[in-house]
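A.B. asks: Okay, handing you the structure first.
The values are calculated or read from the model by the stated rules, or taken from the named source; none is laboratory data. Remember, it's a predicted structure, so these values are computed and weren't measured experimentally. Cβ placement follows ideal geometry from the backbone for every residue including glycine, while neighbour counts extend to all protein chains displayed. Heavy atoms of the whole protein, side chains included, go into the accessibility calculation; ligands, DNA and RNA do not. Shrake-Rupley method; radii C 1.70, N 1.55, O 1.52, S 1.80 Å.
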Amino acid sequence: MHRKNPLRALVFDSTFDQYRGVIANVALFDGVVSKGDKIVSAHTQKRYEVNEVGVLNPNEQPTLKLYAGQVGYLIAGMRDVTEAQIGDTLYLHNHPVEPLPGFKSAKPMVFAGMYPIDQSEYNNLKSAIEKLTLNDSSVTVHRDSSLALGAGWRLGFLGLLHMEVFNQRLEQEYNTSVILTTPTVPYKAVLSSAKLIKEYREKEITIINPAQFPDKSKVAEYLEPVVLGTIITPSEYTGKIMALCQARRAVQKHLMFIDQNRVMLKYLFPLSEIVVDFYDSLKSLSSGYASFDYEDAGYQTADLIKMDILLNGNTVEELATVVHKEKAYSIGKTICERLKDSLPRQLFEIAIQAAIGSKIIARETVKAYRKNVLAKCYGGDITRKMKLLKRQAEGKKKLRKIGNIEVPKDAFIKVLKTI
Amino acid sequence: MVLPGPRARGLVAAARAAQGRRLEDSEPRSPSADPASRRAALYVHWPYCEKRCSYCNFNKYVARGRVDEAALRRCLLTEARTLLGLSGVRRVESVFFGGGTPSLASPHTVAALLEAVVQAAHLPADVEVTLEANPTSAPGARLAEFGVAGVNRLSIGLQSLNDQELQLLGRTHSALDALRTLAAARRLFPGRVSVDLMFGLPGQQLGPWLVQLQELLRHCDDHLSLYQLSLERGTALFAQVQQGAVPCPDPELAAAMYAEGRALLRAAGFRQYEVSNFARHGALSTHNWTYWQCGQYLGVGPGAHGRFVPHGAGGHTREARIQTLEPDNWMKEVTLFGHGTRKRVPLDELELLEEVLAMGLRTDVGITHQHWQQFEPQLNLWDVFGASEEVKGLQEQGLLLLDDRGLRCSWEGLAVLDFLLLTLLPRLQEAWQKQRSPPPVPGG
């Protein structure tokens, strides 16, 4: 470390200021930086001119220069936090250097679908997410949409706690409540029907929406995305971890002892099995000692089916899901149970069924009302009763009718949300 | 108990005469000289109880120390006079002493209040004067005193014939006490005694409860009220169920009890004239009938509710009123202002119609065309409900009837009325709003 060496600055944090742009917090390992210097980001290879440097006392205190060994901040006309990635190296444009080690873009481990409670809140949520991710570049954001819940996002987090904190910040700082759902995974199908191939203009199609799911007869094979996951763990947890992976339909590819006490496992996981709580389950099982990393590993053939949900024989489009055959029963049962708890009783019985094609694989029943009338209605009860009745009648207007069954919006939410 | 001479004799005579009378079966009473706007039922609230029952969430208080009855009586009288004046009511059609435990009040209070009413308005000789009574261990003598004071109908809060259930409910009497009180009441007010029975209690089974009902039928008079227990937040029983100390009542079982109970009573010759009320030989409660027919009523006493047009103060809109809840505060206000009205909310035409609908359908006769016309002369029931597909659906399901008599629930429909109302109320709102803002007429 010497100030005479060419500049090497490590970006370890960044914040966004409305007026001044991105403020990068840097630690100088070599060299000197001052206002007017022309610097380059090792990651993006973009050039900037330094507007201001300074130290944090803890308030920003501008200085003329920053020297090797100092920690401070740097403003260089960046307009987007992604331009100042954590772990990036900044150097002078005419003195390129080896990037400092330890730069790896944060890989999301937990994914969730995030939807506004009501579509009218979409724009509010959009700007709230944008603002929050300005200062938290480890959250990945993709647009997504659902039949039942409308337009939303698929977000990636570093862990379940990260997701919970993000959610809480949304509620507290931006006053937006959201629905969190299990995210969709992009399945594929290789078509065999000439007609469909012509229609889609290609042989292999991506299925984002269950409604697009082509029938088995028209498909040569279904494909699901898989990842190659690497787990490093102290050897005493190996058994439990192997059981966890097996439960997630993973196939073991490699197992070896790195040293006397640690084991490295490589498994091929279907992406859909790890998107929600695999990482946290892994951490719980191993008291936090196991590590997990994954990389995209393409697609593999899968026994996928489309599972429909029926209410008194009527299909509920919004709740159709694409699942692996092995998991169909347990997912179907969960959905039926959740629906049973959230559907209000009617004057007739409601049969909730999960079906694959014409085969029913799970069922729950909501009993009919035999009595629904206020027992006492005398002078003092009338006001309260009328208020209640009118409120209920208002609520009824917002119910969706499937067949002759009234389904409240939050029934969809309760079924689709995680946990 | 001392009553001023001539008034006492008048009241006693009225009481004796009323004891011999029966109410006509459901048909509207003979038109009186006073229009509907000058007639009202009178409710008087006695807020004190000896003990709070575990399921009760009414406006009741357990007095700390002796109740200053004289002060409370003065205030009740004052408020009654004031409200009679404010409402411009000229004829009081029924009087109901509720609470609390009105039978804890002294008969003198009842007599004094009736006296005050007689002075301010016309109180017909045969007017129904009901007192709610708690079965206690010394029934007879006290009830007779109330009779002399002017009471001619009694409503006994029996609730259950099972002593364990009575304990669970926190009642202060035993089943035997209740039956003794019932017998004494029937001697004093033959044909004018009502009993309350609850069902759907925690741990209650259908068979044993039906046995209770049958036993009660052997002792009761001509009026019965069947009430399903409703667990209200804030009551001791609610807390016990929440904590798991007491099993949660099964709504399916309660529904079965209701169905079997009402069938049993029907077979025994009772007419189910309202969701929870059964009468034979025409012994309906006139006072409660006023609520379901949306007649006017004055509420006197802490927490009492009223609905009337304040004609006497120049008003033209019916108001929903509630008196101050807490007795001490209420007394202060009555002393200062003549009445302790805490809240007055005017009811607009649509709100009144909604009440007519929701209350009227609770009765077996429902809403006749004539009755509806009194409140809404321009839109009849066919206009409002005749065209609706949903209403037709309910008729097809055998739950609702709309014919030349009017709109009413069927036997099955009555049990799920609150569900039917969720279809009917929006329909009423639509029809009413459409009538208020007719579509623009094309020019020319």
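A.B. asks: From A:V185, A:V190, grab the single residue that is of a type in the set (V, I, T), part of a strand (DSSP E or B) and open to solvent by less than 50 Å² (accessible area, probe 1.4 Å).
C.D. replies: Criteria check complete, one pass: A:V190.
A.B. asks: For the stretch A:396-419, how many residues meet the condition of being part of a strand (DSSP E or B) and not aliphatic (A, V, I, L, M)?
C.D. replies: Total meeting the criteria: 4.
A.B. asks: May I ask you to say which residue of B:V365, B:V356 is touching a Cys at 6+ places or on another chain (Cβ under 8 Å) and either within 13 Å of chain A (Cβ to nearest Cβ) or more than 22 Å from B:R318 (Cβ to Cβ) (or both)?
C.D. replies: Only one candidate qualifies: B:V356.
A.B. asks: A further question follows. For the stretch B:320-365, which positions are part of a helix (DSSP H, G or I) and under 30 Å from B:G406 (Cβ atoms)?
C.D. replies: Answer for the stretch B:320-365, where residues must be part of a helix (DSSP H, G or I) and under 30 Å from B:G406 (Cβ atoms): B:E349, B:L350, B:E351, B:L352, B:L353, B:E354, B:E355, B:V356, B:L357, B:A358, B:M359, B:G360.
A.B. asks: Does the stretch A:384-392 contain at least one residue that is surrounded by 15 or more Cβ atoms within 10 Å (Cβ to Cβ) and in contact with a strand residue (DSSP E or B) (Cβ under 8 Å, 6 or more places away or on another chain)? Walk me through it before giving the result.
C.D. replies: First, the residues of the stretch A:384-392 that are surrounded by 15 or more Cβ atoms within 10 Å (Cβ to Cβ): A:385-386, A:389-390, A:392.
Filter again for in contact with a strand residue (DSSP E or B) (Cβ under 8 Å, 6 or more places away or on another chain), leaving none.
For the stretch A:384-392, residues surrounded by 15 or more Cβ atoms within 10 Å (Cβ to Cβ) and in contact with a strand residue (DSSP E or B) (Cβ under 8 Å, 6 or more places away or on another chain): absent.
A.B. asks: Based on what the data block shows, is B:A256 at the interface with chain A (Cβ under 9 Å from one of its Cβ atoms) and hydrophobic (A, V, I, L, M, F, W, C)?
C.D. replies: So B:A256 passes the test.
A.B. asks: Another question about this same structure. Kindly list, by first and then second residue, each pair from a residue in the stretch B:218-240 that is closer than 18 Å to A:Y378 by Cα to a residue that is among the polar types (S, T, N, Q), limited to pairs with Cβ atoms under 6 Å and residues at least 6 apart or on different chains.
C.D. replies: Pairs found: B:H223/B:S194; B:S225/B:S276; B:S225/B:N277; B:L226/B:S276; B:Y227/B:S276; B:E232/B:N57.
A.B. asks: Would you list the helices (runs of 4 or more DSSP H) that sit entirely within the stretch B:372-444 and hold 3 or more residues that are among the polar types (S, T, N, Q)?
C.D. replies: B:417-436
A.B. asks: What number of residues within the stretch A:386-400 satisfy the criterion of being under 29 Å from B:Q296 (Cα atoms) and more than 7 Å from chain B (Cβ to nearest Cβ)? Explain how you work it out, then say what you get.
C.D. replies: Let us first name the residues in the stretch A:386-400 that are under 29 Å from B:Q296 (Cα atoms), namely A:386-394.
Among the residues that remain, those that are also more than 7 Å from chain B (Cβ to nearest Cβ) are: A:387-388, A:391, A:394.
The qualifying residues number 4.
A.B. asks: Would you confirm, using the coordinates I've provided, whether A:A368 is among the small types (G, A, S) and either at the interface with chain B (Cβ under 9 Å from one of its Cβ atoms) or out of contact with any helix residue (DSSP H, G or I) (no Cβ under 7 Å at 6 or more places or on another chain) (or both)?
C.D. replies: Numbers: among the small types (G, A, S): yes; either at the interface with chain B (Cβ under 9 Å from one of its Cβ atoms) or out of contact with any helix residue (DSSP H, G or I) (no Cβ under 7 Å at 6 or more places or on another chain) (or both): yes.
Spelling it out, A:A368 is indeed among the small types (G, A, S) and either at the interface with chain B (Cβ under 9 Å from one of its Cβ atoms) or out of contact with any helix residue (DSSP H, G or I) (no Cβ under 7 Å at 6 or more places or on another chain) (or both).
A.B. asks: So which residues in the stretch A:307-341 are open to solvent by less than 30 Å² (accessible area, probe 1.4 Å), modelled with pLDDT of 90 or more and part of a helix (DSSP H, G or I)?
C.D. replies: If the condition is that a residue be open to solvent by less than 30 Å² (accessible area, probe 1.4 Å), modelled with pLDDT of 90 or more and part of a helix (DSSP H, G or I), then A:A328, A:G332, A:I335, A:C336, A:L339 are the ones that fit.
A.B. asks: Quick check on this structure: which one of A:S272, A:S286 is of a type in the set (S, T, Y), crowded, with 18+ Cβ neighbours inside 10 Å, touching a residue at least 40 places away in the same chain (Cβ under 8 Å) and in contact with a helix residue (DSSP H, G or I) (Cβ under 8 Å, 6 or more places away or on another chain)? If you could, list the steps in order and put the result at the bottom.
C.D. replies: Values: A:S272 fails: in contact with a helix residue (DSSP H, G or I) (Cβ under 8 Å, 6 or more places away or on another chain).
Step by step, each of A:S272, A:S286 is checked, and only A:S286 is of a type in the set (S, T, Y), crowded, with 18+ Cβ neighbours inside 10 Å, touching a residue at least 40 places away in the same chain (Cβ under 8 Å) and in contact with a helix residue (DSSP H, G or I) (Cβ under 8 Å, 6 or more places away or on another chain).
A.B. asks: Evaluate the stretch B:74-91: report whether one residue or more is touching a strand residue (DSSP E or B) at 6+ places or on another chain (Cβ under 7 Å), of a type outside the set (D, E) and modelled with pLDDT under 90.
C.D. replies: No, there is no match, as no residue in the stretch B:74-91 is touching a strand residue (DSSP E or B) at 6+ places or on another chain (Cβ under 7 Å), of a type outside the set (D, E) and modelled with pLDDT under 90.
A.B. asks: Then there's this: Does B:T324 satisfy the criteria of being touching a strand residue (DSSP E or B) at 6+ places or on another chain (Cβ under 7 Å), open to solvent by 50 Å² or more (accessible area, probe 1.4 Å) and more than 13 Å from chain A (Cβ to nearest Cβ)?
C.D. replies: Judged against the criteria, B:T324 is not a match.
A.B. asks: Moving on. Criterion first (open to solvent by less than 50 Å² (accessible area, probe 1.4 Å), more than 10 Å from chain A (Cβ to nearest Cβ) and touching a residue at least 40 places away in the same chain (Cβ under 8 Å)) does B:G306 satisfy it?
C.D. replies: No, not satisfied.
A.B. asks: In addition: Output the number of residues of the stretch A:68-108 satisfying the condition of being open to solvent by less than 20 Å² (accessible area, probe 1.4 Å) and among the small types (G, A, S).
C.D. replies: Residues that pass the stated criteria total 4.
A.B. asks: Could you say whether any residue in the stretch B:420-434 is of a type in the set (D, E) and within 14 Å of another protein chain (Cβ to nearest Cβ)?
C.D. replies: Taking the stretch B:420-434 as the starting set, the residues that turn out to be of a type in the set (D, E) are B:430.
Restricting the remaining residues to those that are within 14 Å of another protein chain (Cβ to nearest Cβ) gives B:430.
For the stretch B:420-434, residues of a type in the set (D, E) and within 14 Å of another protein chain (Cβ to nearest Cβ): present.
A.B. asks: Listed residues B:G386, B:G406, B:G413; which is open to solvent by less than 70 Å² (accessible area, probe 1.4 Å) and within 14 Å of chain A (Cβ to nearest Cβ)?
C.D. replies: Result: B:G413 is the single residue among B:G386, B:G406, B:G413 that is open to solvent by less than 70 Å² (accessible area, probe 1.4 Å) and within 14 Å of chain A (Cβ to nearest Cβ).
A.B. asks: I'd like the full set of residues that are more than 12 Å from the chain's Cα centre (by Cα) and in a helix (DSSP H, G or I), limited to the stretch A:269-284.
C.D. replies: A:L271, A:E273, A:F278, A:Y279, A:D280, A:S281, A:L282, A:K283, A:S284
Residue-by-condition table, conditions (1) buried (at least 18 other Cβ atoms within 10 Å of the Cβ); (2) in contact with a Cys (Cβ under 6 Å, 6 or more places away or on another chain); (3) assigned to a loop (DSSP other than H, G, I, E, B):
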position: A:P6; (1), (2), (3): no, no, yes
position: A:S14; (1), (2), (3): yes, no, no
position: A:Y19; (1), (2), (3): no, no, yes
position: A:V22; (1), (2), (3): yes, no, no
position: A:T44; (1), (2), (3): no, no, yes
position: A:V55; (1), (2), (3): no, no, no
position: A:P62; (1), (2), (3): no, no, no
position: A:L66; (1), (2), (3): yes, no, no
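A.B. asks: In addition: Can you work out which of the residues in the stretch B:35-55 that are buried (at least 16 other Cβ atoms within 10 Å of the Cβ) and more than 24 Å from B:F308 (Cβ to Cβ) is nearest to the other protein chains (Cβ to nearest Cβ)?
C.D. replies: B:Y55
A.B. asks: Follow-up question, since we're still on this one. Are any residues in the stretch A:169-182 open to solvent by 50 Å² or more (accessible area, probe 1.4 Å) and either over 11 Å from the mean Cα position of the chain (by Cα) or at pLDDT 85 or above (or both), and if so, which ones?
C.D. replies: A:R169, A:E171, A:Q172, A:E173, A:Y174, A:N175, A:S177
A.B. asks: How many of the residues in the stretch B:333-369 are in contact with a Gly (Cβ under 8 Å, 6 or more places away or on another chain), on the phi < 0 side of the Ramachandran plot and not hydroxyl-bearing (S, T, Y)?
C.D. replies: 6
A.B. asks: Does at least one position in the stretch A:196-218 carry a residue that is touching a Pro at 6+ places or on another chain (Cβ under 7 Å), outside any loop (DSSP other than H, G, I, E, B) and of a type in the set (D, E)?
C.D. replies: No; the residues of the stretch A:196-218 include none that is touching a Pro at 6+ places or on another chain (Cβ under 7 Å), outside any loop (DSSP other than H, G, I, E, B) and of a type in the set (D, E).
A.B. asks: Can you report the number of residues in the stretch B:210-227 which are open to solvent by 30 Å² or more (accessible area, probe 1.4 Å) and within 17 Å of B:L166 (Cβ to Cβ)?
C.D. replies: Adding up the residues that qualify gives 3.
A.B. asks: When you go through (1) more than 23 Å from A:D136 (Cα to Cα); (2) modelled with pLDDT under 90 one by one for A:F29, which number turns out not to apply?
C.D. replies: Exception for A:F29: condition (2).
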